[in-house]
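S.K.: Structure provided below as structure tokens; questions to follow.
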Amino acid sequence: MELKQIVTGFTGTENCTVSPITNGLINTTYLVEDHDSTEKFILQKVNTRVFPFPEIISQNHILINRMLEDGDYPLQLVKPKETLSGNFMMTDENGESWRMFGFIEDTMTYFKIPDLKTAYESAKAVGSFLNTVNPDLLPDIQAPIPDFINFEKRVLDYQTSLQQANEDLLKNAAQEIETMNKLLFLPEKWIKMEKDHLLPRRIIHGDPNVRNILFDKTSRPLAVIDLDTVTVSTILYDFGDMARSYTNILDEDNGDADNNFNPQIYRTVKDGFLLYLKQKLTYGELENLDYAAQTVIYIQAVRFLTDYLNGSTYYSTKYAEHNLDRTKNQLELLKGLRKYLRVD
């Protein structure tokens, strides 16, 4: 099925221009310009290797948007568009799943935090999103990726990779493996707190990176986007991943990173994150924010190293040592955070 035929299934017209958007990391994305209605849309082919149940992410998105619309939410929504037959997903003859969203005009995105103001406003936007989608009674949000935030499994997968990796990979990563093993205690507290039900179950974004926020030309957040990873877990994960992705002043595949952690951004992100959430979070959540930041960075390093030792089969790589460089970068980031927190 050609792209314009898929577009027709949503809009009813082939009188359109379809252009690829190449900065996505998971799904295949296109900008659709409908010349009949003069509207613009985002068309995506869902990566079913990552999201094996596309209907779950579609249902979650609809539920989240409903809560945002009913709540006192200050930002705009990205709204799914129905097909002509009334569905939010279309399946082509190859079994590929497609969806379409409305397009928000005059926006821009960042791949790195450019300054403290943007760090604060971004964290505030995510905090507002999380505050709005976490009522006392949670709706039926399903997990889009099984075991995505199962840290016990991440550690077991890493330990299995150590046993099965070839000798060259183990030798190349010897220093990183040594560091990783010394810090294996980090996720133990997280795993125990979850097993003991000490962390409230909340709706989280799952990927609150700055690239998932749309800004206007004055760097004011307009929308929190990419709700594919929305799930029910501990809100500590979202804070930890924001700390991980916002405070890194270098690209995460820079294996020569040195002092890549920015403490000013970390303090600013925490302030912005808590603006809407401080009254909602429990004492246990508040006292573990710094711990969460360390653990999420550590687990991301574990994931990169595990993939490297497994032959780089999960993350897209551009060269043989790409995942090892990513591991080095995350470990340097963790080193900087722990030094700042005076726990190293």
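S.K.: The list (i) 20.2, 67; (ii) 21.9, 70; (iii) 20.6, 61 gives values of Rg and Dmax of the Cα atoms in Å, and only one came from this structure; which label was calculated from it?
M.R.: Calculated Rg and Dmax of the Cα atoms in Å: the matching label is (iii).
S.K.: Round to the nearest 0.05 the FRET efficiency obtained for residue 181 and residue 286 when R0 = 30 Å and r is the Cβ-Cβ distance. Don't jump to the answer; show the numbers that get you there.
M.R.: Numbers: r = 30 Å, r/R0 = 1.02.
Between residue 181 and residue 286 the formula returns 0.50.
S.K.: If I fit a long axis through the Cα atoms of helix 186-195 and take the longest principal axis of the Cα atoms of the chain, what angle between them do I get, 0 to 90°, rounded to 10?
M.R.: On a 0 to 90 degree scale, this one is about 60.
S.K.: Mind giving me the FRET efficiency for residue 170 and residue 264? R0 is 35 Å, r the Cβ-Cβ distance, nearest 0.05 is fine. Please report the intermediate quantities before stating the final value.
M.R.: Values: r = 38 Å, r/R0 = 1.08.
Between residue 170 and residue 264 the formula returns 0.40.
S.K.: Moving to a separate point now. Express the C-alpha Rg of the range 1-78 as a ratio against the empirical globular expectation 2.2 N^0.38 Å, rounded to two decimals.
M.R.: Numbers: Rg = 14.6 Å, N = 78, 2.2 N^0.38 = 11.5 Å.
Rounded to two decimals, the normalised Rg is 1.27.
S.K.: Same structure, new question: Between residue 48 and residue 35, what length comes free when the chain is fully extended (0.36 nm per residue of separation minus the Cα-Cα distance, one decimal in nm)? Each step should come with its number before you reach the end.
M.R.: On the way: separation 13, 0.36 × 13 = 4.68 nm, distance 3.04 nm.
Value of the extension gain: 1.6 nm.
S.K.: To continue, here is another question. When only Cα pairs under 8 Å and 6 or more residues apart are kept, what is the percent relative contact order across the chain?
M.R.: Values: 556 pairs, mean separation 63.0, N = 344.
Contact order relative to length: 18 percent.
S.K.: While we're on this one: State in Å² the accessible area per residue of the chain; use a 1.4 Å probe, count heavy atoms of protein chains only, and round to the nearest integer.
M.R.: Values: 16460 Å² over 344 residues.
Per-residue value: 48 Å².
S.K.: Working from Cα positions, state the angle (0 to 90°, nearest 10) between the long axis of helix 289-309 and the longest principal axis of the chain.
M.R.: Between helix and principal axis, roughly 80 degrees.
S.K.: Now a separate question. In the structure displayed, which of 195/318; 79/192; 217/335; 195/270; 117/171; 45/195 lie more than 31 Å apart, Cα to Cα? Working shown, then result.
M.R.: Values: 195/318 38 Å; 79/192 38 Å; 217/335 35 Å; 195/270 26 Å; 117/171 43 Å; 45/195 36 Å.
Cα-Cα > 31 Å for 195/318; 79/192; 217/335; 117/171; 45/195; rest within.
S.K.: On to the next question. Could you name the aspartates and glutamates in cross-link range of residue 153, using Cα to Cα under 16 Å and dropping any fewer than eight places away on the same chain?
M.R.: Filter leaves 188, 194, 307.
S.K.: Could you tally the net charge around residue 31, taking each other residue with its Cβ under 13 Å from the Cβ of residue 31, Lys/Arg +1 and Asp/Glu -1? If you can, show how the numbers build up before the last one.
M.R.: On the way: positive: 40; negative: 33, 34, 39, 105.
Residues close to residue 31 contribute a combined charge of -3.
S.K.: Hey, another quick one. In degrees from 0 to 90, rounded to the nearest 10, what is the angle of the helix 116-132 Cα long axis to the longest principal axis of the chain?
M.R.: Roughly 70 degrees, rounded to the nearest 10.
S.K.: Show the residues, 5+ positions off or on another chain, whose built amide H is closer than 5 Å to the amide H of residue 207.
M.R.: Counting only residues 5 or more places away or on other chains, the set is empty.
The values are calculated or read from the model by the stated rules, or taken from the named source; none is laboratory data. Source: prediction; values computed, not measured. Methodologically, a virtual Cβ is constructed for each residue, glycine included, from the backbone with ideal geometry; neighbour enumeration extends over all protein chains shown. When the accessible area is computed, the model is the full protein with side chains, heavy atoms only, and any ligands, DNA or RNA have been set aside. Shrake-Rupley method; radii C 1.70, N 1.55, O 1.52, S 1.80 Å.
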